[in-house]
Amino acid sequence: MLQMNIIFVGLAFWNIVLFAVTIGLGIGGYSNHWQHQALGVLTGIYTCLTHSVVMMHFMGSGKGIKEAVETHNLPNDPQTGYVRRTRRFKGQTSGHATLCCILVIVLVWLGGWMDTHKGNPTAHTWHKWFAWFTVVYNLYAFWVEYKVIRENTAMIREIDDKIHQATP
């Protein structure tokens with residue numbers, strides 16, 4: 001669990017690479033159309049996976065922190081305690097993660113609409129602008145998620161230190 005910073009950075013890095021290559025294939029004209037479509041779907045799935053890993057991390061670490069507080073009688077002030085901070089961390093990330101998954105799914109659907117309506121300029125415009133918005137929002141969400149994961153990891157280390165100090 002303490003390696004989540006590294007895991008997340010790796011997931012986000014490859015997600016950004018996939019975004020860049022997908023965009024390059026879409027606007028650069030360097031490929032056949034099917035390559036942009038296939039990579040777009042793969043990028044959509046990978047983006048949902050990345051954000052799902054973040055949500056699962058906070059579900060698991062929240063449960064572990066709650067159990068550690070109860071088992072080891074750690075201080076848990078209702079306003080500033082560990083369980084409260086864990087809930088805040090989960091709240092800071094789950095909305096972004098969920099919205100990013102929804103946005104990327106809609107983007108893939110818009111790509112399908114654009115492909116099935118090749119002569120429709122509205123489909124092309126919607127797909128293009130929604131793609132830019134989705135990528136920018138995902139980059140923002142990655143930044144927020146990384147910051148919160150770092151705070152959560154620091155809190156877990158703090159809890160581990162208190163447990164080790166209290167253990168004879």
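Just a few scattered comments:
- Accessible surface calculations at 1.4 Å, restricted to protein heavy atoms, place the chain at 58 Å² per residue.
- Fraction of accessible area attributable to carbon and sulfur, the chain (%, probe 1.4 Å): 67 percent
- Residue (of Ile156, Leu103, Tyr82) at the positive-pole extreme of the chain, dipole from beta-carbon charges: Leu103
- Within the same chain, lysines fewer than 8 places from Lys66 are excluded, and of the rest, those with a Cα less than 29 Å from its Cα are Lys90, Lys147, Lys162.
- For the chain, size of Cβ-based charge dipole, Lys and Arg +1, Asp and Glu -1, in debye: 220 debye
- Two-decimal log10 I(q)/I(0) for the chain, as the Debye equation yields it once each C-alpha is a single scatterer, q = 0.13 Å⁻¹: -0.68
- Computed extension gain for Asn76 through Val144, at 0.36 nm per residue and net of the alpha carbon distance, reaches 21.9 nm.
The values are calculated or read from the model by the stated rules, or taken from the named source; none is laboratory data. This one's a predicted model, so the numbers in the text were calculated from it and none came from an experiment. Cβ atoms come from the backbone with ideal geometry, glycine included; neighbour counts cover every protein chain shown. Ligands, DNA and RNA are stripped out before the accessible areas are found, and what is left, the full protein with its side chains, is counted by its heavy atoms. Shrake-Rupley method; radii C 1.70, N 1.55, O 1.52, S 1.80 Å.
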